[in-house]
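Below: one structure in structure tokens.
The values are calculated or read from the model by the stated rules, or taken from the named source; none is laboratory data. Keep in mind that this is a model prediction, so the values were computed, not measured. Backbone-built Cβ (ideal geometry, glycine too); neighbour counts: all protein chains shown.
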Amino acid sequence: MNFYTWMMKKHINTKAPVGDLARDMKEDREFPRDGNKEAVRRYLESGGACSGCMDAFERAWKKYEREAGGAEAGSGCKGQRRNLSKVRVTGI
């Protein structure tokens, strides 16, 4: 299971910041759904994600690795459109 699918299954309805991140991921058509950790991090950074969003991502990825084995490799970012500037996460 890749990170995107894991986030949708585990956190889409969570009211914590990780849930905000999951919902923003779902709404963003250009999000690297099959991306590895570095591809997702680069995508978030290039979209101007706040430090809270990045913290939520890092914590979520660690949990993903523990629960799902998270060693999935992805193809990286696709496209140039970035919708994550609205990300409002402050922690997980």
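Pairs please, first residue from region 6-22 and closer than 21 Å to GLU45 by Cβ and of a type in the set (Ser, Thr, Tyr), second anywhere and modelled with pLDDT under 95 and assigned to a helix (DSSP H, G or I), Cβ atoms under 7 Å, 6+ apart in sequence or on different chains.
Pairs found: none.
Looking at (1) at pLDDT 95 or above; (2) surrounded by fewer than 16 Cβ atoms within 10 Å (Cβ to Cβ); (3) of a type outside the set (A, V, I, L, M, F, W, C); (4) not in a helix (DSSP H, G or I), which is the one condition that is false for GLY76?
(1)
If ALA22 passes every condition in (1) modelled with pLDDT of 95 or more; (2) in contact with a helix residue (DSSP H, G or I) (Cβ under 6 Å, 6 or more places away or on another chain); (3) assigned to a loop (DSSP other than H, G, I, E, B) but one, which one does it miss?
Result: ALA22 passes all but (3).
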